[in-house]
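Bear in mind these aren't lab numbers, they're just calculated from the coordinates by the rules spelled out. Quick caveat, the model's predicted, so the values are computed rather than measured. Methodologically, a virtual Cβ is constructed for each residue, glycine included, from the backbone with ideal geometry; neighbour enumeration extends over all protein chains shown.
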Amino acid sequence: MDFELSEEQRLLKESIDGLLGNAYDFEQRKKYIKEKGGWSRGIWSRLAEQGLLGLPFADTEGGFGGGAVETLIVMEALGRALVLEPYLPTVVIGGGFLRQGGSTEQKAVHIPSIIHGRSTFAFAQLEKHSRYDLNDVATSAKRNADGWIIDGEKFVVVNGANADVLIVTVRTKGAQRDQTGLGVFLVPSTADGISKKSYPTQDGLHAADVTFKGVEVGDEAVIGDPEDALPLIERVVDDARTALCAEAVGLMDESLKTTVEYMKTRKQFGVPIGSFQSLQHRAADMFVALEQARSMSMFATMAASFDDNTERAMAVAAAKVQIGRSGKFIGQQSIQLHGGIGMTMEAKIGHYFKRLTMIENTFGNSGYHLRRISEGGALI
Amino acid sequence: MDLAFTKEEQGFREEVRKFLRSNVWPELRRKMVEGRHVSKEDMVAWWRILNEQGWAVSHWPKKYGGTGWSPVQHYIFREEIQMYPAPTPLAFGVGMVGPVIYTFGSEAQKRYYLPRIANVDDWWCQGFSEPGAGSDLASLKMKAERKGNKWIISGQKTWTTLAQYADMIFCLCRTDPTAKKQSGISFILVDMRSKGITVRPIQTIDGGHEVNEVFFDDVEAPVENLVGEENKGWEYAKFLLGNERTGIARVGVSKERIRRIRKLASKIGSSGRPLIEDPALREKLAACEVELKALELTQLRVVANEGRHGKGVPDPASSMLKIKGSEIQQTTTELLMELIGPFAAPYDEHPESSCETIDFAAQIAPSYFNNRKVSIYGGSDEIQRNIITRAVLGL
C-alpha cells in the first residue's frame, strides 16, 4: 500500500505541469481553439519533444515504458489545463490498440509516428444504435481477394476530421450484437470511400461523423484477431475510461480551486461571499466529492494491472460511476457559486463544467456503469 | 504508487481473522450481527481476551503496551474486528483518555491508569457535552474550584455514553471563569462513585439506553486528578477529538452491513421473487458499494499520510471521512429498512431476547433510528464542514 509518486513520476508531473503552466492558460487556449482543426500543432510538437507522446510505449519501441500511473499523471494535468489536443484518441486509444494488439509491422510503422508527433489518431466506434455497447456493431468488413471492404457509418468520432489514422471497429461475422465476430482495423483517413462531416463539440473539441463506402484495406490493416476482437476493444476502452477519470479529476480539482478563489475575492453585502456558511458548506461538499473521485481514479489506475478481466472491468465501471457523480456535482456547483459570471462563455469555469459533462457521456455514463456493477455481482 | 496490500499485510489480515475466529464466541458474534444489546460483562470479557493477546491498546506507543504496527496494520485490525463483527475496544478509554494521559499526564497517572485502561479495570466515560454546550463545546459551564488538595465540581454533563457502566469520567471543567471561552478550561478525572454524582438515563428514539445525563453536585476529586496544566484542557480536548476522527468512517461496519443486506435480500421475497432480483434495489446497493469503495481508499490515503501533519495534529481530511462514513452507515441502515418492509413495525422492549414476529427483522428498525446519531456525534457533519472550510479550503 503506497500512494506516493516515485522520483521519476514526480519529475514527469513537474515537467508536464511546467509545460502547461507556461503555454496553456485560458487565454492561450482561446488562440489554440481557433487554429486549424481546433488545436495547436505547436503544443503537439512540444508534447512530443518532452517525450509525452511516447510515454506508454516500451523502450524498445522508442518510448519511455510508462504505465498506468504515468498516464494518470499526464491526463490529470491535461484536465487541469483543459487541453484540446488529441492525446486520448492518439496516445491512449491508438497507442493502446497498437501496444495490446498490434503486429510487429504495425508497431514499426505507427508507433514512431505517434511518438514524434507526425500523426494523430481517432477512434471510430460509436454507431447510431450502439449507445454504450461495444459489441453492438453494424459497420461491416467483408473479405475479398485482396483484403477487406468496409461499409458503414460511425458517429461523434473525436478528432475524426484531423486524424491521419482511423481505428475502426467492424463486424466481420455474425449478427449485429454478437460478442464474437468483431474486428479492429487501422484505416488511413485518406482512403477512398471515406467521407466525413466535421463539427465542434460542446466541450470545445472537434468530432466527425464518418461514412465508409466500399473502403478497401489490406490485411496489414487488421489489429489482432479479425473475428474476435471484443476482449481487445474492452481492454483498450477500459484504459480510455481510466484516462478520462484522471482527466476528470484534474478538471474537478481546478474547478474547485477556481471556485474557492472566486469566493475569496467576490464581494456582496460588503463581504467576500466565501464568508457565508451555506456557500462554505457547499464548497466543503465539493471537496469531499473530489477526494472520493480521486480515490476511484487511483483505483481504476491500479486495476489496469489486474489479471482478472471481470475484476478490472468492475473496478473501472465503479470509478466511472464515482467520477460521473462527483463531476456533475462539482461542475454544477462551480457554476452556482460563480453566479451569473459562471454562465458566460468568457469565464473559464463553464468550460470545465462542459468538459466534465461530456466525459460523463463518453464510454458509458454513470447509469450505464452502475447497471453493469449491479448485474456483475459484488464490489465489496 | 501501489494500492495493493503487500504479502505481509495480507498475512497480518489472516492472522487477525484467525484470532477472531478462535476467540469471539458465536453468541457474541450473533448479537453483533443482529445489532442486539451486548452486556457489559460480555464486552469486558472480550476486551480482556484482546488485552491478553497484547492487542487491546494496539495504537499506543510500545512502552505503554502498544504493538508498534504500521498505520496500515492498524487499519486492517480495526476493519477486521468491525467486519467479523466483534466489539471494537472501548473508545472512551483506549481511544480518548488513554492517549491524553500518555501525552500530557503525570508519570503517576500513566503508571496507574494506562494498564487499567488496557484491561478495562476502569470503564471510562466522557464528560464533554453539556445542555448548553453541544457543537459550541467551548461554551461549557461545569465549574471546578480548587479548595486545598481537592477540586470541587458542580454542573451537568449530557450525552454521556454508557455512564451507567462507568467507573471513571474525564471531564472538561471551567477552572477560570474570568478567562476567554477556550482558555480557562481544565481536563479532570473523576471517580463515578464519588458522592454528589447522579446518573439519569436518556432513552433514545430506538428505545435503547446508551446515553445519560450526569449531574455533579459539589463532587470532590483529588487535585492530582488534573491532567496536564490547569486551564489548558481545551488543547487536550482538541487533541482527543482529532484522535476520535481517525477510524470514525467505520468502513468495516458498513462492509459487514452490505453483506447482511445481500444475504437478507436473497431470503426475502416480493411479488414472488427474491428482492435481490429487483434491479432497482440492486442499483441502490451498487451505488452504495461504489461510495464505500471510494471511502475505503480515501481512508487508506489518509492513513498512509498519517504523521505528516505533525504528531497529534489530525489531518483535516479526516473530517471528510466522518461525513462520508456517516452518510454510508445511514444508507446501509436505510436499505435494511427497505428490505424488511412491513416487518419493521414490531417493537421489542426486551431486545436481549428474540421474540420478533419475523426473526430476520430483528433490531433493523431500531438500528435505523439509532444510526441517525452518527452524523451528529463526534462533531456533527456541519462542524466537519466548518473544519474543511477553514483548514482545507482556507475560506
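When only alpha carbons of the protein assembly as shown are considered, Rg and Dmax amount to 30.2, 108 Å.
At q = 0.09, 0.15, 0.16 Å⁻¹, what is the base-10 log of I(q)/I(0) for the range A:231-375 according to the Debye formula with one equal point scatterer per Cα and no solvent? Please give it to two decimals. The computed values of log10 I(q)/I(0) come out as -0.31, -0.72, -0.79. Does a label point 7 Å from the Cα of A:Lys257, set along Cα-to-beta-carbon, have any residues of the range A:342-356 with amide nitrogen under 15 Å, and which are they? Within reach of a label on A:Lys257, which here means backbone N under 15 Å from a point 7 Å along Cα→Cβ, the range A:342-356 contributes A:348-349, A:352.
By the count of other C-beta atoms within 10 Å, a proxy for reagent exposure, A:Ser275, A:Ser130 are ordered fewest to most as A:Ser275, A:Ser130.
Between B:Asp121 and A:Gln100, the modelled labels are 6.3 nm apart [label points 7 Å from Cα along Cα→Cβ]. Going from the fewest other Cβ atoms within 10 Å to the most, the residues A:His281, A:His116, A:His369 appear in the order A:His116, A:His281, A:His369. Available extension along the chain between B:Tyr64 and B:Arg390 is 113.9 nm, counting 0.36 nm per residue and deducting the alpha carbon span.
Simple spin-label estimate for B:Glu334 and B:Phe5 gives 3.0 nm between the two label positions (7 Å along the Cα-to-Cβ direction from each Cα).
Size descriptors for the range B:187-251, from the alpha-carbon set: Rg then Dmax equal 15.6, 42 Å. When every Cα-Cα distance of the range A:7-119 is counted in 10 angstrom steps from zero, the calculated P(r) takes the values 14, 48, 30, 8, 0 percent. Reducing the range A:299-319 and the range B:251-290 to their Cα centroids gives an inter-centroid distance of 22 Å.
Rounded, prolate or oblate for chain A? Axes are the square roots of the Cα gyration tensor eigenvalues, ordered a ≥ b ≥ c, and the cut-off for rounded is a/c under 1.5. Prolate.
Entry note, the range B:7-89: relative contact order of 34 percent, from Cα contacts under 8 Å with a spacing of 6+ residues. Ordering B:Lys40, B:Lys232 from the fewest to the most neighbouring beta carbons within 10 Å gives B:Lys40, B:Lys232. Distance between the C-alpha centres of the range A:78-155 and the range B:15-78: 54 Å, rounded to the whole angstrom.
Quick one: grab the alpha carbon gyration tensor of the range B:123-232, order the square roots of its eigenvalues as a ≥ b ≥ c, and give me rounded if a/c is under 1.5, else prolate or oblate depending on whether a/b is larger than b/c.
oblate
The distance from the alpha carbon centre of the range B:155-206 to that of the range A:60-74 is 59 Å, rounded to a whole number. Note the angle between two axes, namely the Cα long axis of helix B:7-23 and the longest principal axis of the Cα atoms of chain B, as a number of degrees from 0 to 90, rounded to the nearest 10. The angle comes out near 90 degrees. Taking every residue in B:279-288 and counting other chain Cβ atoms within 10 Å of its Cβ, the average works out to 5.
For chain B, what is the relative contact order in percent, using Cα pairs closer than 8 Å and at least 6 residues apart in sequence?
It rounds to 14 percent for chain B.
Among the residues of B:379-388, the average count of other protein chain beta-carbon atoms within 10 Å of the residue beta-carbon is 3.
Extending 7 Å from Cα along the Cβ direction at A:Ala23 and again at B:Asn305 yields two label points whose distance is 3.2 nm.
Annotation note: GluC sites (Glu not before Pro) in the range A:273-349 located in DSSP loop regions with a Cβ neighbour count of at most 11 within 10 Å are A:Glu346. Full extension of the chain between A:Asp192 and A:Arg177 yields a length gain of 2.6 nm, computed as 0.36 nm times the residue separation minus the alpha carbon distance.
Could you tell me which of rounded, prolate or oblate describes the range B:7-151, using a ≥ b ≥ c as the square roots of the eigenvalues of the alpha-carbon gyration tensor, with rounded for a/c under 1.5 and, failing that, prolate when a/b is larger than b/c and oblate otherwise? In terms of gyration-tensor shape, prolate.
Could you work out how far helix A:309-338 tilts from the main Cα principal axis of chain A, as a 0 to 90 degree angle to the nearest 10? The angle comes out at about 40 degrees. Pair-distance distribution of the range A:199-249: all C-alpha pairs, bin width 5 Å, starting at 0; shares per bin in whole percent are 4, 13, 11, 17, 23, 17, 11, 3, 0.
Across peptide B:255-262, the average count of Cβ atoms from other chains found within 10 Å of a residue's Cβ is 1. Could you pull out which residues in the range A:160-191 have an amide N less than 15 Å from a spot 7 Å beyond the Cα of A:Tyr199, following the Cα-Cβ vector? Within reach of a label on A:Tyr199, which here means backbone N under 15 Å from a point 7 Å along Cα→Cβ, the range A:160-191 contributes A:160-161.
For the range A:231-375, a crude dipole built from +1 on the beta carbon of Lys and Arg and -1 on the beta carbon of Asp and Glu, taken about the Cα centre, is about 600 debye to the nearest 20. Per residue, the average separation of C-alpha pairs within less than 8 Å and at least 6 apart gives chain A a relative contact order of 14 percent.
The amide H of B:Ser270, built 1.01 Å from its N in the peptide plane, has B:Leu275 as neighbours under 5 Å, considering only residues 5 or more places off or on other chains. Amide H to amide H, with H built 1.01 Å from N, A:Gly224 comes under 5 Å of A:Ser103, counting only residues 5 or more places away or on other chains. The alpha-carbon of A:Lys196 sits under 26 angstrom from the alpha-carbons of these lysines, leaving out residues fewer than 8 places away in its chain: A:Lys30, A:Lys31, A:Lys34, A:Lys36, A:Lys128, A:Lys142, A:Lys154, A:Lys173, A:Lys213, A:Lys354.
Taking a cut-off of 19 Å between Cα atoms, list the lysines near B:Lys180, but don't count ones fewer than 8 places away on the same chain. Qualifying lysines at Cα under 19 Å: B:Lys141, B:Lys143, B:Lys232, B:Lys238.
Compute the angle between helix A:7-23 and the longest alpha-carbon principal axis of chain A, please, reported from 0 to 90 degrees and rounded to the nearest 10. Helix A:7-23 sits at roughly 80 degrees to that axis.
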